[in-house]
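Presented below is the structure to which this report refers.
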Amino acid sequence: MNAENTCIQIAVMVPLRRIFSYAPPSEGRLQPGMRVRVPFGKGSRVGIVLGYASCPPDVTLKPISQVLDAHPVLPSALQQLVQFGAAYYHHPIGDAWATALPTLLRQGRPLPEPAPQGYRLSIDEAQTVPRQPGKLQQALREHLSTHRVVRTTAIPKELRATLRQAVRRGWIEAVMEDTPPTQVAPSPHCLNTEQASAVTQLRMARGFNAWLLEGVTGSGKTEVYLEAIRPHLESGAQILILVPEIGLTPQLVERCQMRFGARRVAALHSAQSDGERLRIWAAAAAGRIQVIIGTRSAVFVPLPRLAMIVVDEEHDPSFKQQNGWHYSARDLAIQRASLENIPIVLGSATPSLESLHNAQKGRYRHLQLRQRATSADLPVMTIVPLRRENLQGGISTTLLTACKETLEAGNQVLLFLNRRGYAPAVLCHDCGHVVQCPRCSAPMTWHRRQERLRCHHCGHESRWPQACPACHSTALITAGQGTEQLEEVLRQRFPQTPIWRIDRDALHDRDSLATAVADIRQNRAAILVGTQMLAKGHHFPAVTLVGIINTDQGLFSADFRAPERLLQTVVQVAGRAGREERPGQVLLQTHLPEHPLLQSLARGDYRPPAEALLNERRAAGLPPFAALTLLRAEAHQRYRVDTFLSAACQCVPPALVEISGPLPSLMERRAGFERAELWIQAPNRTQMQKALNLWLPQLAGLSSARHVRWTLDVDPLLIT
Ligand code: ADP
Ligand code: ZN
Ligand code: ZN
């Protein structure tokens, strides 16, 4: 091969399904995973070197404009992970790389120099210090008077400039890393038999192995993770812990930092600034942080001494990215563990049906914690039939009475309602017309405090309509309850009791949630009203009564996963009750008291109803018993969507997959777009991949594809 027909292949960070070729630089050999800047269209783009290839001699190639890295930004295992993820989810490789890297690296910024941990006076300070030190220099010297390391943060701001100069002159030296303490404090608890057995098995794990840690709420799963990783930390290895959402992160981060020391542990999440994220990313990549606790994209953080991955609350749908690259961080974490040949633990009180199935098939090893770690018993669940109950703001007399008793005993009540706002709909009392979002096929939600109607799907807002758009009657009323209304009703009923509303309207940032949680933990009679945000991982010691206001919502959805999510949510919310000495009870309000899922659920265990749902999936040929992919398309005009999906149907490779559709999406209109989809089913993932690989080039080539936005969602989780 001579120089003329060698090209370099680049994953340019654009959402295009192809790889681009450029002329290699005249000097030096580029390694896969290095960033380059390349001319692209009229401008330039950042891209990733994939490798060298040969190309026909008559092609003229543009040269690379700039090589941005001296080394690959991701180690080879992670390069393979991005490659795998792009191929499996059929996403453009350049965009997959862009998603995997911190924003600043994606933009072409340099990898930061590692920031020093601290500073100390140089050994030969006597020779290098200025003979007549200035005031600031003198102050700095006094600050560092002993030869011990002083942490960067402990040096006053006004001395920073002097410090930089002193480092250049050599009388002060930067210290990159303080030697990590070898010992880590053990668990303050004496682990029970099941916990101890889980820890022993996890500690003995060598090489790739996936474990499902199924432990009832409050069974001490977190203690198991922490004890299982402790020896790794003592030997200097690194651990990745993936969590579903920011809301969960503070408690876990605090606990890890308290146990392992604040400097070994860092959180990575989207609420941080780009600069902060990059700094932590780089420190982890340099091996200076031992435990990374992060949300979805943390699955791509380089950790040179990675010894184990933990995925906490593995059932949580937020591990699946809903736009752009539709990857599942949990599934990619398993792939990463396999590529890096290390063990991975998936933990949950309510494992996903997929993971349960994998454990039953023997693909995952199954660890179980059946009892709560503290002396507390699991709460007792009771069904409250609503048919003949007198409802006030959605609360039955039975539930109100239980609230009153709980508060009088000095305990806390948690009421769960997965609907923000005052009322989920506004309708005409005369003709029944429901006020719709003009851009979506969904009703507008009334937010009384802000006096606005708001669409929860596209954000559209309007005022209370003056008259019914259909019949011009002015008799418009709200229908149904949201958390805002529930809070109002409770304030009237319990004027003396503090009431906390926990949802995205009341608390929009991490700090306000943390403050609320801290206040609530102060242990006095109070009512907490909240959405999904309340269900996740929080520990409220004084809550003894949990009320599920609207259980039935999950039973009527057309999403085949809705019953699974209902089950998980109820068990998780119920798990907030009676976590300490005081026993807990859970009241489930429903109009369908005989529903078999609720009956089974009310017996308290997650497993029997989960098994029943698995059997239903098996009978229906749905995941995890088959592979599913959705081809979604949207456009302003409905006929464009239909034309494209029908054409897509025509070119399906025969015999490999089964296609249903085109079907209108659950939400036919969203944000002004008409939406429809094809359901593609195959007996297994291998066959699905084979079909998609044959199908996709044809799809992309369809002329009707140019008039729609289409996405392929492999293993879809939320059907919207
Ligand atoms: P999970 O992650 O399963 O919800 P945690 O690990 O958060 O459970 O434990 C729940 C509570 O029980 C925590 O307050 C924890 O400190 C406590 N705990 C965990 N293990 C033990 C144990 N072996 N003995 C006593 N308390 C424990
Ligand atoms: Zn009307
Ligand atoms: Zn809308």
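The values are calculated or read from the model by the stated rules, or taken from the named source; none is laboratory data. Values in this document were obtained by computation on a predicted structure and should not be read as measured data. Every residue, glycine as well, gets a Cβ built from its backbone with ideal geometry; the counts of neighbours run over all protein chains shown. Calculation scope for accessible area: heavy atoms of the full protein, side chains included, ligands and nucleic acids excluded. Shrake-Rupley method; radii C 1.70, N 1.55, O 1.52, S 1.80 Å.
Look at the stretch 301-347 and say how many of its residues are acidic (D, E) and either free of Cβ contacts under 8 Å to residues at least 40 places away in the same chain or within 16 Å of ligand 1 (Cβ to nearest atom) (or both). Residues flagged as acidic (D, E) and either free of Cβ contacts under 8 Å to residues at least 40 places away in the same chain or within 16 Å of ligand 1 (Cβ to nearest atom) (or both) within the stretch 301-347 amount to 4. Candidates L81, L68: the one that is in contact with a Gly (Cβ under 8 Å, 6 or more places away or on another chain) and either hydrophobic (A, V, I, L, M, F, W, C) or under 25 Å from E113 (Cβ atoms) (or both) is L68. If only residues of the stretch 496-515 that are in contact with a strand residue (DSSP E or B) (Cβ under 6 Å, 6 or more places away or on another chain) and not in a loop (DSSP other than H, G, I, E, B) are counted, the one that is modelled with the lowest pLDDT is I502. Of all the criteria given as (1) modelled with pLDDT of 90 or more; (2) in a strand (DSSP E or B); (3) in contact with an Asp or Glu (Cβ under 7 Å, 6 or more places away or on another chain), the one not satisfied by L666 is (1). Within the stretch 459-491, the residues that satisfy the criterion of being under 13 Å from I395 (Cα atoms) and open to solvent by less than 30 Å² (accessible area, probe 1.4 Å) are G482, T483, Q485, L486, E487, V489, L490. Sort out which residues of the stretch 601-616 are open to solvent by 20 Å² or more (accessible area, probe 1.4 Å) and either part of a helix (DSSP H, G or I) or of a type in the set (D, E, K, R) (or both), and write them in order of number. Within the stretch 601-616, A602, R603, D605, R607, P608, E611, A612, N615, E616 meet the criteria. Give the residue that is modelled with the highest pLDDT, with candidates limited to residues of the stretch 1-22 that are in a loop (DSSP other than H, G, I, E, B) and open to solvent by less than 60 Å² (accessible area, probe 1.4 Å). Of everything passing the filter in the stretch 1-22, M13 is modelled with the highest pLDDT.
Note on the stretch 23-39: residues that are part of a strand (DSSP E or B) and at pLDDT below 95 amount to 1.
Filtered by the rule that a residue be over 14 Å from A633 (Cβ atoms) and among the β-branched types (V, I, T), the stretch 698-717 gives a lone residue, V714.
A Cβ distance below 6 Å, combined with a sequence gap of six or more or placement on separate chains, defines the contacts here; from the stretch 462-476, residues that are modelled with pLDDT under 95 and near ligand 2 (Cβ under 9 Å from one of its atoms) reach residues that are of a type in the set (S, T, Y) and part of a loop (DSSP other than H, G, I, E, B) in the pairs A467/T474.
If I go through the stretch 259-274 residue by residue, how many of them are over 27 Å from P186 (Cα atoms) and open to solvent by less than 20 Å² (accessible area, probe 1.4 Å)? Show your work before the answer.
Taking the stretch 259-274 and keeping what is over 27 Å from P186 (Cα atoms), we get 269-274.
Checking the rest, the ones that are also open to solvent by less than 20 Å² (accessible area, probe 1.4 Å) come to 269.
Of the residues in that region, 1 qualify.
Within the stretch 359-403, take every residue that is touching a residue at least 60 places away in the same chain (Cβ under 8 Å) and among the basic types (K, R) and give me the one that is surrounded by the most Cβ atoms within 10 Å (Cβ to Cβ). Only one residue tops the list, namely R372.
I'm checking my understanding of the structure. Among residues of the stretch 404-433 that are of a type in the set (G, A, S), touching a residue at least 40 places away in the same chain (Cβ under 8 Å) and over 12 Å from L545 (Cα atoms), which one is surrounded by the most Cβ atoms within 10 Å (Cβ to Cβ)?
Among residues in the stretch 404-433 that are of a type in the set (G, A, S), touching a residue at least 40 places away in the same chain (Cβ under 8 Å) and over 12 Å from L545 (Cα atoms), the one surrounded by the most Cβ atoms within 10 Å (Cβ to Cβ) is G421.
Note on the stretch 275-289: residues that are in a loop (DSSP other than H, G, I, E, B) and open to solvent by 10 Å² or more (accessible area, probe 1.4 Å) amount to 3.
Against the condition in contact with a Lys or Arg (Cβ under 7 Å, 6 or more places away or on another chain), open to solvent by 10 Å² or more (accessible area, probe 1.4 Å) and within 16 Å of ligand 3 (Cβ to nearest atom), how does R454 come out, does it pass? For R454, the condition - in contact with a Lys or Arg (Cβ under 7 Å, 6 or more places away or on another chain), open to solvent by 10 Å² or more (accessible area, probe 1.4 Å) and within 16 Å of ligand 3 (Cβ to nearest atom) - is not met. Within the stretch 669-718, being in a helix (DSSP H, G or I), under 21 Å from H357 (Cα atoms) and open to solvent by 60 Å² or more (accessible area, probe 1.4 Å) holds for R685, T686.
For the stretch 439-458, which positions are assigned to a strand (DSSP E or B) and either over 13 Å from G421 (Cα atoms) or touching a residue at least 24 places away in the same chain (Cβ under 8 Å) (or both)? If you could, list the steps in order and put the result at the bottom.
Taking the stretch 439-458 as the starting set, the residues that turn out to be assigned to a strand (DSSP E or B) are 443, 445-447, 452-454.
Result: T445, W446, H447, L453, R454.
Within this structure, T515 passes the test of being open to solvent by 20 Å² or more (accessible area, probe 1.4 Å), of a type in the set (V, I, T) and without any contact (Cβ under 8 Å) to a residue 24 or more places away in the chain.
Against the test of being among the β-branched types (V, I, T), part of a helix (DSSP H, G or I) and modelled with pLDDT under 95, the options V184, V253, V224, V199 yield a single qualifying residue, V253.
Looking at Q589, Q568, Q572, which one is in contact (Cβ under 8 Å) with a residue 60 or more places away in the chain, out of contact with any helix residue (DSSP H, G or I) (no Cβ under 8 Å at 6 or more places or on another chain) and buried (at least 20 other Cβ atoms within 10 Å of the Cβ)? Reasoning before the result, please.
Values: Q589 fails: out of contact with any helix residue (DSSP H, G or I) (no Cβ under 8 Å at 6 or more places or on another chain); Q572 fails: out of contact with any helix residue (DSSP H, G or I) (no Cβ under 8 Å at 6 or more places or on another chain).
Exactly one residue qualifies, and that residue is Q568.
Filtering the stretch 621-641 to residues that are among the hydrophobic types (A, V, I, L, M, F, W, C) and either free of Cβ contacts under 8 Å to residues at least 24 places away in the same chain or not in a helix (DSSP H, G or I) (or both) leaves L622, F625, A626, A627, L628, L630, L631, A633, A635. For the stretch 557-572, the criterion of being assigned to a loop (DSSP other than H, G, I, E, B), under 24 Å from the mean Cα position of the chain (by Cα), within 16 Å of ligand 1 (Cβ to nearest atom) and closer than 16 Å to G215 by Cα is satisfied by no residue at all.
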